[in-house]
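Working notes, beginning with the structure itself.
The values are calculated or read from the model by the stated rules, or taken from the named source; none is laboratory data. Just so you know, these numbers come straight off a predicted model, no measurement behind them. Counting neighbours? That spans all protein chains shown, and the Cβs are built from the backbone with ideal geometry, glycine included. Heavy atoms of the whole protein, side chains included, go into the accessibility calculation; ligands, DNA and RNA do not. Shrake-Rupley method; radii C 1.70, N 1.55, O 1.52, S 1.80 Å.
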Amino acid sequence: MKIVSRNEELLGDALSLVPQSSKRTSLSSHNKLIRFEDISAAAFKIQSGVQKTPCMYSRLSKLYGVDIYLKKEFLQYTGSVKERGVLYLLTSLPQDQQRKGVIVASDGNFSMAVAYHASELRIPVFVIMSTSTSPARVKMCREYGAMVISYGTTAKDSQVHARRLAQENGYLYLEEEDSAVYLSGLGTVGLEMYEQVPKLDAVIFPAGGHCGLLAGSAAALKHLNPRISVIGVESESFPVLQQSLKAGHPAEDQACNNHHFYGDVSGLCFGSNSLQLTGKLVDKVVSVREEDVLISMLRLLEYERATVDAEGAIGLAALVAGKLPELKGKRVAIAICSGNVDLHLLQQCIARALTLESRVCRFSLVISDCPADISKLLEVLAREEARVLDIRQERTYVTSELFTVEVTCTVETRDKIHTAQLRNALLERYPTATWTER
């Protein structure tokens, strides 16, 4: 499919200043200008290797007053949209390089996608991971078919080791960057969104350091319909993309202290191709708080039964935070691009989100040390329809009079209004009750 419009010129202008040579040795030969035809070719070439994921109307629409359509890229085999760019990248390699093999040093979604698709294509694949990588990630990469080597205590150690092995053995060292081939593969998401949701008003993508999905999809969408608003969302803790756009070059001094939570969106801005495309074609980039991302993860789990990580939830977080009031009543598609969250981290995130919404609260009070008073407390909680999650009694370190006990309860409520009603009922009966503030 080809639609001729002035946006072909716009795509050319967006990258007219990008140098053709790259400092990186891994994919420099593929660093050409991205065109709509490249994205169309990528869509044709990878159609049998990746899922055409659904873009479905969400029940969250009524909650936020926006017609929300969720592009469920977390349903890909490795749980990430990165498969699209990786598969097109691997199939575009010369045959002699495919025989020699590839090597990657990462513990993120990119390495998982390389491990799986290289194995499927019978390309020898080696993944170097630091010793701090979670055992679940190491196990998963090995199950995909990669030779996984643990080396070094930091990601930089792993990268240095991988480059050395690549030089010594003739492997191609792959790292996530903004080559035209990789961006074209990621841009196929924009093509599918345009096909699956008619009369789109806006599309929301995760941004941050690795903004290839945003840039590639914007190239496709703006070519097909320049009136579609393309919006990127990143964390306000490290607004890498916004700072890079303001400076006119990729930011190099941004660091994320919470890498395990934010994952791939927490990296440095990795190339001028993506940056130039974003500056020309993306209408808006907004930032959200960590609390908004956590609540977004909770919303997707409750309303969509979708278990996603921060990268997958950050697009919806812009609506949760109220950062896009102009989209009220509009038809909006959101890319839910990643679902690779460690189980222990997921448990912490959901517990924190419930606390942020005041749906899990804790209070303490002192009562006489007899079964009747405990029973009366439980009766109050039952009458107020609060679910008791935990109840503890402390006798030794109580500073009040003898034969009293300090009771600490953790309870679950429906929402903030229900929590306020419970608090008023308890204070009416137990004036000295104290609430643990989040």
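Scaled to the globular estimate 2.2 N^0.38 Å, the Cα spread of the stretch 83-174, given as radius of gyration, is 0.98.
The listed peptides 76-86, 97-107, 376-386, 183-193, ordered by packing as a protection proxy, come out as 183-193, 76-86, 97-107, 376-386 (highest mean of other Cβ atoms within 10 Å first). Taking Glu401, Glu176, Glu290 in turn, the Gaussian network model of the chain (Cα-Cα springs below 10 Å) assigns the largest fluctuation to Glu401. Our note on the geometry: Cα centres of the stretch 196-238 and the stretch 313-336, 12 Å apart. The dipole here belongs to the stretch 83-174: it is taken about the Cα centre, uses +1 on the Cβ of Lys and Arg and -1 on the Cβ of Asp and Glu, and is about 60 debye. Could you identify which residue out of Val341, Val293, Val233 has the top mean-square fluctuation in a GNM of the chain using Cα springs shorter than 10 Å? Evaluated over the chain, the most mobile residue of the options is Val341. Rounded to the nearest 10 degrees, the angle from helix 343-356 to the longest Cα principal axis of the chain is 60 degrees. If the segment from Ser375 to Thr355 were pulled out straight at 0.36 nm per residue, it would be longer than the present Cα-Cα gap by 4.6 nm. The dipole here belongs to the chain: it is taken about the Cα centre, uses +1 on the Cβ of Lys and Arg and -1 on the Cβ of Asp and Glu, and is about 980 debye.
Extension gain, Arg305 to Arg122: 0.36 nm times the residue separation minus the Cα-Cα distance gives 62.4 nm. Among Ile314, Ile204, Ile350, the residue with the largest mean-square fluctuation in a Gaussian network model of the chain, with springs joining Cα atoms closer than 10 Å, is Ile350. Seen against the Cα atoms of the chain and their longest principal axis, helix 36-46 is set at about 70 degrees. Dividing the helix sum by the residues of the chain, where each DSSP H run of 4 or more adds -39500 (n - 2.57), gives a mean residue ellipticity at 222 nm of -13500 deg cm²/dmol. Our analysis of the chain gives Rg over Rh at 1.07, with the two radii drawn from alpha carbon positions and Rh computed by the Kirkwood formula. Taking only protein heavy atoms into account and a 1.4 Å probe, give the accessible area per residue of the chain in Å². That works out to 47 Å² for each residue. Among 219-228, 420-429, sorting by the average number of other beta carbon atoms lying within 10 angstrom of each residue, highest first, gives 219-228, 420-429. Using only side-chain charges placed at the Cβ, +1 for Lys and Arg and -1 for Asp and Glu, the dipole size of the stretch 359-436 relative to its Cα centre rounds to 280 debye. What the Cα convex hull of the stretch 31-109 gives, in volume per residue, is 157 Å³. Given Leu294, Val411, Tyr57, which one lies farthest toward the positive end of the charge dipole of the chain, if we put +1 on the Cβ of every Lys and Arg and -1 on the Cβ of every Asp and Glu? The one lying farthest along the dipole's positive direction is Tyr57. Computed across the stretch 359-436, the Kirkwood hydrodynamic radius from all distinct Cα-Cα pairs reaches 12.7 Å.
Accessible surface of the stretch 359-436, 1.4 Å probe: 50 percent of it comes from carbon and sulfur atoms. Between the Cα long axis of helix 212-224 and the first principal axis of the chain there is an angle of about 70°, rounded to the nearest 10. With all protein chains in place and a 1.4 Å probe, the accessible surface of the stretch 83-174 carries 51 percent carbon and sulfur.
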